[in-house]
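The values are calculated or read from the model by the stated rules, or taken from the named source; none is laboratory data. In this text, all values refer to a predicted model and were calculated from it rather than measured experimentally. All Cβ positions, glycine included, derive from the backbone under ideal geometry; neighbour counts span all protein chains shown. These area figures cover heavy atoms from the full protein model, side chains too; ligands, DNA and RNA do not enter into them. Shrake-Rupley method; radii C 1.70, N 1.55, O 1.52, S 1.80 Å.
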Amino acid sequence: MTSTHRLPLLAGLPLAVGSGLAIPVQGRINGALGARLGDGIAASVVSFSTGLLVMILISLVLPRGRAGLASILPAVRNRAFPRVYVLAGGIGALFVFAQSFTVGILGVALFTVATVTGQTVSGLLVDRLGIGPAGKKSVTGIRIIGCLLTVAAVAWAVSPRFTGAAAAGGTGAGVPDAGPSALLLPLLLPVLAGFLMSFQQAMNGTATIHYGTPIAATLVNFVAGGLVLWTAYGIKLAVAGPGNPLPGEWWYYVGGPMGCVFIGLGALLVRSLGVLVTGLGMIAGQLLGSLALDVILPAPGTVVAPATVLGTILTLAAIVLATLPWPRGAFRR
């Protein structure tokens, strides 16, 4: 079991925000790698493989990593938690693939609000099922209102992409003649990935308690996700052949290690802060980091319209409303 030591809120919450900041940076890297290779699956494989190598090294070098490595099989064999939890890395594989496939089309800000929408909505279901260490939580009217506001905010943030496409005869992002129907799949994919992220975080938090360290939970994630992606890539190779050769620039290979950061910290912080506060901090980091990237280091064709900024801010406010554990009667006089 893990140590009983828990991080105080003032120490843990900044870590949650910091881990969330890594997600849009990883998205920008994986999206650029996917465009460079001309193959989103290959970019996902590269990202997960580099992350897996980092986690294997950490697990073998650090004493806590070796202890966690030794606890994986006994925990799974003794059914300390549902065995399906070891497949949580498959959700991470879908998330990384969504990054590689859609960030170049949507931009980091819109990708982020799409994943946040899915994650916020699924938070209701995860709490109701009691999958995470915090157990079951009731679905309150305030949380439902917050989720509805989140969906509305995301629609507002995305709206400039549709109006801009109609006015310019394209998406304005290097994809000519791409109307709303062409953007539907790129939008739905990160929404689905975000929807499943709440399940992944809850599964990892539960597994970490029994492994004794988030290092082991993170390693299992990368093993499961790597197997999924390598299988998909093998099928793709057999059907369509390889894409472009790997680039020589080092920064294309930093996405995987960044995944280690937010998966590992998320699994660790769930025990100290709870699923709700950890998720809120990471979402805040995602939103702030994605807007900063699109403003300071915009990708070619990325447009940050006022509606995108305001919609993202409203999304953050709606997430606060939806996920904070409001006390009963807090909104009654």
Given points 7 Å out from each Cα along the Cα-Cβ axis, report the Leu184 to Val151 separation in nanometres with one decimal. 1.7 nm
Computed over the range 1-105, the ratio Rg/Rh where both radii use C-alpha atoms and Rh is Kirkwood: 1.04
Given a 1.4 Å probe, how much area per residue of the range 48-88 is accessible, in Å²? 61 Å²
Taking 7 Å along the Cα-to-C-beta vector as the label spot, tell me the Ala292-Arg83 distance in nanometres, rounded to one decimal. 4.4 nm
Of Arg28, Arg64, ordered by accessible area with the largest first and a 1.4 Å probe, the sequence is Arg64, Arg28
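Could you work out the percent of alpha carbon pairs in the range 177-256 separated by over 18 Å, rounded to a whole number?
I get 67 percent for the Cα pairs in the range 177-256 exceeding 18 Å.
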Sort the following peptides by mean Cβ neighbour count (other Cβ atoms within 10 Å, averaged over residues), highest first: 111-118, 144-151, 212-219. 111-118, 212-219, 144-151
Order the peptides 185-195, 71-81 from the highest to the lowest mean number of other Cβ atoms within 10 Å of their residues. 185-195, 71-81
Going from most exposed to least, what order do Val239, Val103 have by accessible area with a 1.4 Å probe? Val239, Val103
Here the tail fraction of P(r) beyond 21 Å, over all Cα-Cα pairs of the range 181-312, rounds in percent to 58 percent
At a Förster distance of 41 Å, what's the computed FRET efficiency of Trp251 paired with Arg128, Cβ-Cβ distance as r, to 0.05? 0.50
Percent of Cα pairs exceeding the 20 Å cut-off, where the set is the range 16-72: 45 percent
